[in-house]
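The structure appears below as structure tokens.
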Amino acid sequence: MNEKEISLAVIKRLPRYYRYLGELMENDVVRISSKELSERMKVTASQIRQDLNNFGGFGQQGYGYNVEYLYTEIGKILGLDRRYNVVIVGAGNLGQALANYTDFEKRGFMVTGLFDVNPRLIGMTIRGIEVRLVDELEEFVKSHNVDIAALTLPKAKAPGVAADLVKWGVRGIWNFAPTDLNLPSDIVVENVHLAESLMRVSYNLKNREWEHEI
Ligand code: NAI
């Protein structure tokens, strides 16, 4: 099956398979049945089989899945078999927190630049990454083959900066600013809104309280 036809729901589950398989590899597990994987991941074995069948299965009857092979193949599907150059625009609380996080690099996402408008932050380094003035962003993006930009700047500034980044060649936007960006359809935009996730927690809490009341 063409990868383009795979449902978004399946694609969204792949990082979780990838994480579990990575942990299995760390624990020297060589193979695993869909039943065992399902018990660990708390998804049905049939869901696992269906999901992985989208990519030709990778499993063998009576053997289960070869953990390393499956991990590698899912990594390829997720595009993790290459490196990405990432810049962070907005070096405030969130931008600095992202820059401090080392696990992105383990997955091939190399944070190469950190940009801000605030002159007081310029020259500061986070894990060796220097904060630069946003005026240098265009030149940096063009000369460093920047693939992805994380936007951790105020929401009023995000759409304009995103449009500039796209104009300069960035194809992936990881948007933390609570605003819609309206970029061309060939640009990959992933919005991360912690507040929305928190609202789902409050929704679920509220419904449980309600269940307890009756
Ligand atoms: P902050 O105020 O600590 O940092 C924002 C930084 O952006 C500042 O250093 C500021 O100088 C810089 N900045 C302003 N205009 C800029 C421009 N044109 N170019 C480059 N840098 C510029 O704010 P914080 O807490 O780090 O939040 C950053 C953004 O992330 C905000 O839009 C906030 O609403 C959002 N946010 C999103 C969350 C999420 O779950 N997606 C969670 C927390 C914050």
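The values are calculated or read from the model by the stated rules, or taken from the named source; none is laboratory data. Everything quoted here is computed from the prediction, not taken from an experiment. Using ideal geometry, Cβ is built from the backbone for each residue, glycine included, and neighbour counts are taken over all protein chains shown. All accessible areas refer to the heavy atoms of the entire protein, side chains included, with ligands and DNA or RNA removed. Shrake-Rupley method; radii C 1.70, N 1.55, O 1.52, S 1.80 Å.
Some observations on this one:
- Computed with a 1.4 Å probe over protein heavy atoms only, the accessible surface of the chain comes to 62 Å² per residue.
- Packing rank of 8-17, 43-52, where each peptide gets the mean count of other beta carbons within 10 Å, highest leading: 43-52, 8-17
- Viscosity 1.306 mPa s, 10 °C: Kirkwood-radius Stokes-Einstein D of the chain over Cα pairs, µm²/s: 80
- Near Arg31, the amide H atoms lying under 5 Å from its own belong to Val67; only residues 5 or more places off or on other chains count, and H is placed 1.01 Å from N.
- For the chain, a crude dipole built from +1 on the beta carbon of Lys and Arg and -1 on the beta carbon of Asp and Glu, taken about the Cα centre, is about 200 debye to the nearest 20.
- Rounded percent of accessible protein surface that carbon and sulfur make up, the chain, 1.4 Å probe: 51
- Rounded to 5, the percent of DSSP beta bridges in the chain classed as antiparallel: 20
- Under 5 Å, built H, 5+ apart or other chain: amide partners of Val170: none
- Highest-fluctuation residue, Tyr20, Tyr71, Tyr203 considered, GNM on the chain with Cα pairs under 10 Å: Tyr203
- According to the Kirkwood relation over distinct C-alpha pairs, the hydrodynamic radius of the range 3-77 is 12.2 Å.
- Note that the range 90-183, at 20 °C in a medium of 1.002 mPa s, gets a Stokes-Einstein diffusion coefficient of 160 µm²/s from its Kirkwood radius over C-alpha pairs.
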